[in-house]
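What follows is one structure encoded as structure tokens, with my remarks underneath.
The values are calculated or read from the model by the stated rules, or taken from the named source; none is laboratory data. Just so you know, these numbers come straight off a predicted model, no measurement behind them. We place every Cβ from the backbone using ideal geometry, glycine too, and count neighbours over all the protein chains shown. The area values use the complete protein model at the heavy-atom level, side chains included, leaving out ligands, DNA and RNA. Shrake-Rupley method; radii C 1.70, N 1.55, O 1.52, S 1.80 Å.
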Amino acid sequence: MARIDRIAEPWGERTPYAAGGTWPTRRDQYLAPGVEPGDVDRWVQSASVLHSNGDGLDIAVRAGRVVGVRGRVQDRVNHGRLGPKDLFGWQSVAAPDRLRTPWVREDGRLREATWDEAMTRIVDRIERLVAEQGPSAIGFYTSGQLFLEEYYTLALVARGGIGTPHLDGNTRLCTATAAEALKESFGCDGQPGSYTDVDHADALALFGHNVAETQTVLWSRMLDRLAGANPPTLLCVDPRPTPAARVATVHLAPLPGTNVALMNGLLHEVIARGWVDETYVDAHTLGYDELARCVADYPVDVVARICDVPADGLRRAAELVGTAPRLLSTVLQGFYQSNQATAAAVQVNNLHLLRGMLGRPGCGVLQMNGQPTAQNTRECGANGDLPGFRNWANEDHVEQLARLWNVPAEQIPHVSAPTHAMAMFRYAEQGTLRMLWVQATNPAVSLPELARLRSVLADDGLFLVVQDLYRTETAELADVVLPAAGWAEKTGAFTNADRTVHLSEQAVDPPGEARSDLAIFVDLARRLDLRDADGAPLVPWDTPEGAFDAWKACSRGRPCDYSGLTYERLRGSGGIQWPCTTDEPDGRERLYGDGVFPTTSDQCETFGRDLVTGAPTERTAYEALTPAGRAFLKAAPYVPSRERPSERYPLHLITGRTLYHFHTRTKTARAPQLDAAAPEVWVELSVADARARRLAEGDVAEVVTPRGRVEARVRITALRDGVVFLPFHYGYWDDDGDAHDRAANELTRTAWDAVSKQPLFKSGAAQVSRVAAGDGPSAAPTTTASAPVDATVTSTHGGAAESEDVVMTEAQR
């Protein structure tokens, strides 16, 4: 048994293994100070909720309180390992400032209220606005952190009950591009690959994916392969010197906004040097000739100038991905939140299609997610799409859904594309969206151009409802605030980035009068008296398992088929991947192993869009392509970003995450170890850019864009020249009274990708100047120094599965 400071060593000890081997187990465990394993009353099955990896864990309960967590060694995702946010983030559940009662605004101030008073205000406003304007007056902005059952119930209430087209999630900010890229290439959402592909791959390619900080346990898996026999080669595409970049075989640091040019250059080399699997391409794809013509304009020397990267590095990267017998690629925010987001992500899919690298061990692509349940937001139709990966432009799909819900098809909005989040906030600004219900997210910190956004949320013409665990910055602007139960306080299923479904059991009671999100949505449906075509309640369930069973029926026969799953099967399991049916009761590890894709017009989730303009393809034009189960090789020329550096704003601005925080820190800043590891915002510059501005480590600098300013301490790194980086997590709820702005989104611009409608947080220009001298190194997080609070974790190697230790409540039995 090892005891390790997991702030100083976030990835824990190495357990090397070779290609084709099984990743060794290592059980990580952290209990509150003074609590020993023998003091735990019961362990309750769950999974992690502060990232998208889906690490299986058990919750330790003592005297009705959460007192710690341990990894589940039988879990297919993590084999017992936990990351720092898993190990310490649970402490936020018992934060003293949890919401315990509803609040309503009266005379300009929030005061405590009863549930009946709060819900009556909401229902009265909905009924009044629908009568005055129709359902389009109402909008719902949800999260990537609820449970599957809650998303599906919300989609039914919003789409099939109220009939509003305005329903989207904060997944629009982080993984909308993942969904669109998968749909554009393969006809439907759903990750082709599996985390187990790390065990077999000869090459790993990380495209804009800072895996070491966003999915720490997945990076541990990669590190263990790198430390074992026959390690894979590693390509990292990122302008920052991330932990992955520091150990990469090839690191390319392109100028922000040039990802399409870079990918076109790699594809040019793959084609020109004969690394295409022509048999696979001929049998299973459409569009090769157009793609070849497009990338012919992007030889290495041209791309090197556009991206400002060494030509030799491009050639080495192309050889790495072009010759590897087994290639696994991952993609995340470095592509998703940058110029031409979907077009760039699609080119990664093109790489795998050209090489025939799908559906086999070690051969896959993971268009990664950023949140624990983002996959469910998309599957269940809470993200702007229809439930079950149905196509809103396909009348047959709408009819299917109408039959499932027993409502008229015209009740489900589908005349035009559902409203994406950025359009919803614009409609609120224009005054046509007059009520917005926000759940489990904090747009007053997380959306771009915050000064503008705050004015929208604070406008008297917008009735704002916030459903959350805490009095967030957004909640402070609300007309009604509802106290929600959090993770460990409710039961539900959720699905990670490689389609692994976990069950999270309720371990403790929520504080005060807080209710689960499912209970709140069901209560809303009852109070609105929403009914189906036969006069029965539209939402006939009131338990998580009842909602799960309804979702199974909705997913049956669709690519995301859950029909073979039950709560009983998930209990004690190590996670099960979808599709899971009676024919495949253990789930399917990889998609498209047979080279057949859901691209026929009766199957596909979309008829596609132009990757440059976003213009939709009509069904007749799509059918004329006769896809017949083949994937699409879709080309896109490079188009420069609209906002580029200038004399006044000479640096590229990018924002991103740090290992120790999640979103706007509403949970992680309430965990002492995580907060102490990264207590304040910082600004990161290269050595040359800092020297040019006479900035030293620890100085206070001002970052300015046309939209606002932020003050932060300086951190000088091996970041590429011409770029400035800020973490986006920091808002104002725990502000100690300082007057300066510290939220990175004071600086970002209101712009979004033409296809995915994802905001382009990494596409602005900025200036940086010195405000005050510092007193030494900045407070930016490191992975070499211990946190000032205890962060010691026990790790046991080779532990056996202990599912028999997991105690269920009587209700769970």
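Do we have any residue at all in the range 578-595 that's surrounded by fewer than 20 Cβ atoms within 10 Å (Cβ to Cβ), among the aliphatic types (A, V, I, L, M) and part of a loop (DSSP other than H, G, I, E, B)?
Among the residues of the range 578-595, not one is surrounded by fewer than 20 Cβ atoms within 10 Å (Cβ to Cβ), among the aliphatic types (A, V, I, L, M) and part of a loop (DSSP other than H, G, I, E, B), which makes the answer no.
Limited to the range 692-711, what total is found for residues that are under 21 Å from residue 450 (Cα atoms) and in contact (Cβ under 8 Å) with a residue 40 or more places away in the chain?
Residues of the range 692-711 that are under 21 Å from residue 450 (Cα atoms), as a first pass: 701-711.
Keeping just the survivors that are in contact (Cβ under 8 Å) with a residue 40 or more places away in the chain gives 701-708, 711.
The total comes to 9.
Here is a check on your reading of the model: is residue 628 over 27 Å from residue 244 (Cβ atoms), part of a loop (DSSP other than H, G, I, E, B) and open to solvent by 20 Å² or more (accessible area, probe 1.4 Å)? Write out each step before concluding.
Numbers: over 27 Å from residue 244 (Cβ atoms): yes; part of a loop (DSSP other than H, G, I, E, B): yes; open to solvent by 20 Å² or more (accessible area, probe 1.4 Å): yes.
Yes: the conditions hold for residue 628.
Could you please let me know if residue 173 is open to solvent by less than 10 Å² (accessible area, probe 1.4 Å) and either at pLDDT 95 or above or under 21 Å from the mean Cα position of the chain (by Cα) (or both)?
Here the answer is no, as residue 173 does not meet what is asked.
Looking only at the range 60-79, which residues are open to solvent by 40 Å² or more (accessible area, probe 1.4 Å) and either touching a strand residue (DSSP E or B) at 6+ places or on another chain (Cβ under 6 Å) or aliphatic (A, V, I, L, M) (or both)?
Across the range 60-79, the qualifying residue is only 63.
Could you list all residues from the range 1-56 that are out of contact with any Ser or Thr (no Cβ under 7 Å at 6 or more places or on another chain), assigned to a loop (DSSP other than H, G, I, E, B) and among the acidic types (Asp, Glu)?
9, 36, 41, listed by residue number.
Yes or no: residue 696 in contact with a helix residue (DSSP H, G or I) (Cβ under 8 Å, 6 or more places away or on another chain) and within 30 Å of residue 267 (Cβ to Cβ)? Don't jump to the end; show me each part of the working.
Numbers: in contact with a helix residue (DSSP H, G or I) (Cβ under 8 Å, 6 or more places away or on another chain): yes; within 30 Å of residue 267 (Cβ to Cβ): no.
Spelling it out, it is not the case that residue 696 is in contact with a helix residue (DSSP H, G or I) (Cβ under 8 Å, 6 or more places away or on another chain) and within 30 Å of residue 267 (Cβ to Cβ).
Return the residues of the range 686-704 that are of a type in the set (D, E, K, R) and loosely packed, with under 15 Cβ neighbours inside 10 Å; say none if nothing qualifies.
Step one: filter the range 686-704 for residues of a type in the set (D, E, K, R), giving 689, 691, 693-694, 697, 699, 702.
Answer for the range 686-704, where residues must be of a type in the set (D, E, K, R) and loosely packed, with under 15 Cβ neighbours inside 10 Å: 691, 694.
Let's see how each residue does on (1) open to solvent by less than 20 Å² (accessible area, probe 1.4 Å); (2) more than 27 Å from residue 658 (Cα to Cα):
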{"site": "262", "(1), (2)": "yes, no"}
{"site": "273", "(1), (2)": "no, yes"}
{"site": "285", "(1), (2)": "yes, yes"}
{"site": "300", "(1), (2)": "yes, yes"}
{"site": "323", "(1), (2)": "no, yes"}
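Could you pull out the residue among 393, 374, 382 that is open to solvent by 10 Å² or more (accessible area, probe 1.4 Å) and of a type in the set (A, V, I, L, M, F, W, C)?
On inspection, the qualifying residue turns out to be 393.
Just the residues that are charged (D, E, K, R) and crowded, with 20+ Cβ neighbours inside 10 Å, please, taken from the range 551-569. Even if it seems obvious, please write down each step before you answer.
Looking only at the range 551-569, we keep the residues that are charged (D, E, K, R), and these are 552, 556, 558, 561, 568-569.
Once the filter is applied, which keeps residues that are charged (D, E, K, R) and crowded, with 20+ Cβ neighbours inside 10 Å, the range 551-569 yields 558, 561.
Return the residues of the range 448-467 that are closer than 25 Å to residue 655 by Cα and either outside any loop (DSSP other than H, G, I, E, B) or aromatic (Phe, Trp, Tyr) (or both); say none if nothing qualifies. Outline the logic, then answer.
Initial filter on the range 448-467 (closer than 25 Å to residue 655 by Cα): 448-457.
Answer for the range 448-467, where residues must be closer than 25 Å to residue 655 by Cα and either outside any loop (DSSP other than H, G, I, E, B) or aromatic (Phe, Trp, Tyr) (or both): 450, 451, 452, 453, 454, 455, 456, 457.
Could you grab me the full set of residues in the range 526-542 that are free of Cβ contacts under 8 Å to residues at least 60 places away in the same chain and part of a helix (DSSP H, G or I)?
526
In this structure, is residue 523 assigned to a loop (DSSP other than H, G, I, E, B) and either open to solvent by 30 Å² or more (accessible area, probe 1.4 Å) or on the phi < 0 side of the Ramachandran plot (or both)?
no
Can you tell me which residue in the range 25-52 is farthest from residue 90 (Cα to Cα), limited to those that are touching a Pro at 6+ places or on another chain (Cβ under 8 Å) and in contact (Cβ under 8 Å) with a residue 40 or more places away in the chain?
First, pick out the residues of the range 25-52 that are touching a Pro at 6+ places or on another chain (Cβ under 8 Å): 29, 31, 47-52.
Applying the additional criterion that residues be in contact (Cβ under 8 Å) with a residue 40 or more places away in the chain yields 29, 47-52.
Values: 29: 12, 47: 11, 48: 9, 49: 9, 50: 9, 51: 13, 52: 16 Å.
My answer is 52.
In the range 657-676, what residues are open to solvent by 10 Å² or more (accessible area, probe 1.4 Å) and touching a Pro at 6+ places or on another chain (Cβ under 6 Å)?
Of everything in the range 657-676, just one residue is open to solvent by 10 Å² or more (accessible area, probe 1.4 Å) and touching a Pro at 6+ places or on another chain (Cβ under 6 Å), namely 676.
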